[in-house]
Amino acid sequence: MKLSVRVKLLPTLEQASALGSTLRALNVAANRVSKVAYERGVPREYELRRHTYAELKERGLGAQAAQLTIRKVRDAYTALKGNITAGNLGRPGSVRRVKAEAKPVNFRPDAAHPYDDRNLSWNLDVQTVSIWTTAGRIKHVRFACSAGALKMLQEHRRGESDLIECDGAFYLAAVCDVAEPEPYEPDGFIGVDLGIANVATASTGYRAAGRGLDRYRRRQLALRAKLQKKGT
């Protein structure tokens, strides 16, 4: 079972500037790859890499960053195709579907971007990360999270993490691979009847009612009568 754990990065001003510039550069590159994919009929990832990898390297992207950018674009088109097939964008010829199919997939300047263990490393003991940027690799970027999230990362983090920018703050959403829990099998059922005199009556004989509920109802009734006398 795949779960996502989000941590908040606490970069310095210089580190935050590098992270923001990197996200924008990666999404500009993703839009370029998306345009090539659209023009060539959305080829397979390997073929798309053959047409765009060298250009991405010339743009200053590292080898792994370029690979992940291409995969990100290919995944976006796979998701678009799945939505069209499922009918989520309407029937053939509908305005929404025609609009989606008439242009390349576009990525916002601050859209999330995937990282893997080659360009992002975690030091969970001191809660820092080392991350690749277009300005070079920056180390000792602090992050904050709950104790439960930290334990989840230590025990189950696997695979990619997404760099996210939201309202000027940066986050990492890490994938954790957790074993499936054993399904719970109930050994019986309890019936519940909802009413007015008794809020709930269970098949076991329990009744959810009493003097406290009656007092509350009388208090509300008196309050309504008092307010209605005002005539407003």
| Residue selected from region 205-232 under the condition of a type in the set (A, V, I, L, M) and free of Cβ contacts under 8 Å to residues at least 12 places away in the same chain, by the criterion nearest to Gly191 (Cα to Cα) | Ala208
| Any idea which of (1) under 15 Å from Leu10 (Cα atoms); (2) open to solvent by 90 Å² or more (accessible area, probe 1.4 Å) is the one Ile164 doesn't satisfy? | (2)
| query | For Val33, which of the numbered conditions (1) among the aliphatic types (A, V, I, L, M); (2) open to solvent by 20 Å² or more (accessible area, probe 1.4 Å); (3) on the phi < 0 side of the Ramachandran plot fails to hold? | reply | (2)
| request: For region 103-115, name all the residues that are part of a loop (DSSP other than H, G, I, E, B) and open to solvent by less than 50 Å² (accessible area, probe 1.4 Å). | output: Pro104, Val105, Phe107, Ala111, Ala112
| task | Would you point out which residue out of Ser121, Ser94 is without any contact (Cβ under 8 Å) to a residue 24 or more places away in the chain and in contact with a strand residue (DSSP E or B) (Cβ under 8 Å, 6 or more places away or on another chain)? | result | Ser121
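Out of Arg97, Arg142, Arg118, which single residue is open to solvent by 60 Å² or more (accessible area, probe 1.4 Å) and at pLDDT below 95?
Answer to the selection: Arg118.
The values are calculated or read from the model by the stated rules, or taken from the named source; none is laboratory data. Only a predicted model underlies this, so the values are computations on that prediction, with no experimental measurement involved. In this analysis, Cβ positions are derived from the backbone assuming ideal geometry, glycine residues included, and neighbour counts consider all displayed protein chains. Heads up: the accessible areas ignore ligands, DNA and RNA and are worked out on the full protein's heavy atoms, side chains in. Shrake-Rupley method; radii C 1.70, N 1.55, O 1.52, S 1.80 Å.
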